[in-house]
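The values are calculated or read from the model by the stated rules, or taken from the named source; none is laboratory data. Since the structure is predicted, the reported quantities are computational estimates derived from the model, not experimental observations. All Cβ positions, glycine included, derive from the backbone under ideal geometry; neighbour counts span all protein chains shown.
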Amino acid sequence: MRTPRQRLIGFVASVVAGIFAVSVGVLVASTLVDEPAALGAPAAAPPITRQQVIAATKGRQTIATRIDRIEAKLTTWMEFQIARGVTDEFIAAMQPDREIWLVAVSGEFRPQLARGEVFRWGIVAYDANTGADAFTFAGHESWPDMFARVRDRGK
């Protein structure tokens, strides 16, 4: 059972950045644009690798100010939402089948729009095709328990 604080820390909306604070942390979504895929075309491996997103996250020292543990998983927006237990959250630019890299970090995590609040863990998500930031998500437990429920498509 989640506490009221975990259910909703806050909500902030911005057309420019597409910012949403939800559930146990802060979720920041930026606009991602889909290119039309050929019907029936097999899914290609994402051009961005696990090592690249881990290195990119380690390089964001103003957000991940201390890293005790770091892991990355390739998943989709909908699979991430299901793992979080949230399926009714809507972000127009985030199609359910969009592949994203989730990089989970434990240590000290300071999302840009958290007004200086320090979290014990954070997730940085990247568009799996372009490497662009998709959102950040953070919480106060020692590790995001829902991360274990996220299916890793990159294995």
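Key figures
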{"item": "Residues that are buried (at least 17 other Cβ atoms within 10 Å of the Cβ) and not charged (D, E, K, R), drawn from segment 57-66", "result": "Thr57, Ile63, Ala64"}
{"item": "Scope segment 103-122; condition modelled with pLDDT of 95 or more and either closer than 14 Å to Ala72 by Cα or polar (S, T, N, Q) (or both); matching residues", "result": "Val103, Ala104, Val105, Ser106, Trp121, Gly122"}
{"item": "Close pairs from segment 99-125: first on the phi > 0 side of the Ramachandran plot, partner among the basic types (Lys, Arg), Cβ under 9 Å, at least 6 apart", "result": "Gly107/Arg66; Gly107/Arg69; Gly107/Arg120; Gly116/Arg110"}
{"item": "Looking only at segment 138-155, and only at residues there that are touching a residue at least 24 places away in the same chain (Cβ under 8 Å) and not in a loop (DSSP other than H, G, I, E, B), the one that is surrounded by the most Cβ atoms within 10 Å (Cβ to Cβ)", "result": "Ala138"}
{"item": "Verdict on Trp101 being more than 11 Å from the chain's Cα centre (by Cα) and buried (at least 17 other Cβ atoms within 10 Å of the Cβ)", "result": "no"}
{"item": "Counted residues, segment 78-98 - those being crowded, with 21+ Cβ neighbours inside 10 Å and farther than 15 Å from Phe147 by Cβ", "result": "1"}
{"item": "Any chance Arg50 is charged (D, E, K, R) and either surrounded by fewer than 17 Cβ atoms within 10 Å (Cβ to Cβ) or modelled with pLDDT under 95 (or both)", "result": "no"}
{"item": "Close pairs from segment 61-84: first without any contact (Cβ under 8 Å) to a residue 40 or more places away in the chain, partner among the hydroxyl-bearing types (Ser, Thr, Tyr) and in a strand (DSSP E or B), Cβ under 8 Å, at least 6 apart", "result": "Asp68/Ser106; Ile70/Ser106"}
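A quick yes/no check of all residues on (1) crowded, with 22+ Cβ neighbours inside 10 Å; (2) part of a strand (DSSP E or B); (3) in contact with a Phe, Trp or Tyr (Cβ under 9 Å, 6 or more places away or on another chain):
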{"residue": "Val105", "(1), (2), (3)": "yes, yes, yes"}
{"residue": "Pro111", "(1), (2), (3)": "yes, no, yes"}
{"residue": "Ala114", "(1), (2), (3)": "no, no, no"}
{"residue": "Trp121", "(1), (2), (3)": "yes, yes, yes"}
{"residue": "Asn129", "(1), (2), (3)": "no, no, no"}
{"residue": "Thr136", "(1), (2), (3)": "yes, yes, yes"}
